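The values are calculated or read from the model by the stated rules, or taken from the named source; none is laboratory data. Quantities reported herein were computed from a predicted structural model and do not represent experimental measurements. In this analysis, Cβ positions are derived from the backbone assuming ideal geometry, glycine residues included, and neighbour counts consider all displayed protein chains.
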Amino acid sequence: MTGPSDEARAAASEPCGPKSSRDGAENRQLAGDRPKAVSSEPAERSSATNGKAADDKTPTTGRQRRRGKLPAYGALDLGTNNCRLLVARPSRRGFVVIDAFSRIIRLGEGVSHSGRLSEKAMDRTIHALKVCRDKMRRRGVKRSRLISTEACRIAENSDHFISRVLDQTGLELEIINRETEARLAVSGCASLLDPSCDGALIFDIGGGSSELIWLDLSQRSRNWRASVYDRLDAQNCIEAWTSLPVGVVTLAEKFGGRDVTPDIFEAMVEDVIHQLTPFEQQNALREKVANGNAHLLGTSGTVTTIAGIKLNLPAYDRKRVDGCWLMEDEVRDVSASLIDMTYEDRIAQPCVGADRADLVLAGCAILEALMRLWPCERLRVADRGLREGMLATMMAEDGYRGGHRRRRRRSRGSSARGD
């Protein structure tokens, strides 16, 4: 399930959580740094034909002019439930987001039963992708990666959909495999891993699939907060991973998501545990979590939603959610409160809303299954994920480290062009 981390937010506060489908510039999302509030940069005007940024007459600060010399990168994650975009430039310790977009499109609606993407779902998605295309053009994006995940992996007509997207938007989607998805999730949230721990279980509860990655942090060789280049080292600590073909959409379609009784919730949990058990049997992670110094880290909207409710946020505040810690009993208290609510009550909850009211308890059930199999006192919440992993990877491949290209590093006090 995607959530607040997948919403494009303006500098002004918006309603809390994964519910708003409004798009706009995130006022800041700096991978590897603690979130800080800074204003968005002025939008560049760009040609629709070549994507080159034209001169912008808007007055800018010296810092903004220096950033303007660095190229813009685009990262698009087309999931089963959401279409999400980040546009960013390299910065001193990671990158600065200059534009963002998120919209619930439910591309995978019904695909678990029919095996096909519906025409309505494809139409909704293409409309959202056109918005993403226009944003990247306006920002003069020079390099991008556009991925699609579980819905397109399993749909028998995904090739037809990919062709439609190319014809109607000019965007070329890449259907990534589950291992690539897991690795991107690790890179995207590496800077939130507790360096004092020996291990960590990262999980991403999506719409159509859920990824789990166990990291042996004793293999760590870099400071993952230093730069996007160093952040990729987190992938070298992957000891075991799996991807389950179950997410909030598929689980809600199987058991129902509107009227969820305690018995239905328990049936959801048991179903997920059954699917997770082979991974535990192969890797004995329960013993490692119990005997070692480890923590859980969730990159999904399920945990950001739970964090927003626990913090009683009337409007989403990424600075309070991203990187916050939840205790196991706090997670269960929030889940129990959601089970006690009617469907209408969940719609009225500012961290749930109408778009997610039929999915939130499926996400809670998946998280409960994880906590039962691998009891762990602490869970860290990551308001970041695949898009951040893509941005870090592209910038590292292009040699950016600390806002400069490694092969073009200049003397202290001078600015690096980076383009």
So, I126, is that one hydrophobic (A, V, I, L, M, F, W, C), closer than 25 Å to E253 by Cα and assigned to a helix (DSSP H, G or I) or not? yes
Sole miss for R178 among (1) buried (at least 24 other Cβ atoms within 10 Å of the Cβ); (2) closer than 25 Å to L361 by Cα; (3) in contact with a Lys or Arg (Cβ under 9 Å, 6 or more places away or on another chain) is condition (1)
Which numbered condition trips up T149, out of (1) buried (at least 23 other Cβ atoms within 10 Å of the Cβ); (2) of a type in the set (S, T, Y); (3) at pLDDT 95 or above? (3)
From the list C376, C351, which residue is on the phi < 0 side of the Ramachandran plot, outside any helix (DSSP H, G or I) and either buried (at least 24 other Cβ atoms within 10 Å of the Cβ) or free of Cβ contacts under 8 Å to residues at least 24 places away in the same chain (or both)? C351
Mind checking which residues of the stretch 299-320 are in contact with a Cys (Cβ under 9 Å, 6 or more places away or on another chain) and not in a loop (DSSP other than H, G, I, E, B)? T302, T304, T305, I306, A307, G308, I309, K310, A315
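Being at pLDDT 95 or above, in a helix (DSSP H, G or I) and more than 30 Å from E253 (Cα to Cα) is the requirement here; does D167 meet it? Show your work before the answer.
On the way: at pLDDT 95 or above: yes; in a helix (DSSP H, G or I): yes; more than 30 Å from E253 (Cα to Cα): yes.
So D167 passes the test.
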Of the residues L370, L326, L361, L313, which is closer than 22 Å to S102 by Cβ and modelled with pLDDT of 95 or more? L361
Only one of (1) buried (at least 17 other Cβ atoms within 10 Å of the Cβ); (2) in a loop (DSSP other than H, G, I, E, B) is not met by D194, so which one is it? (1)
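Does D263 satisfy the criteria of being within 21 Å of D345 (Cα to Cα) and part of a helix (DSSP H, G or I)?
Details: within 21 Å of D345 (Cα to Cα): yes; part of a helix (DSSP H, G or I): yes.
Considered against the rule, which asks whether it is within 21 Å of D345 (Cα to Cα) and part of a helix (DSSP H, G or I), D263 comes out as yes.
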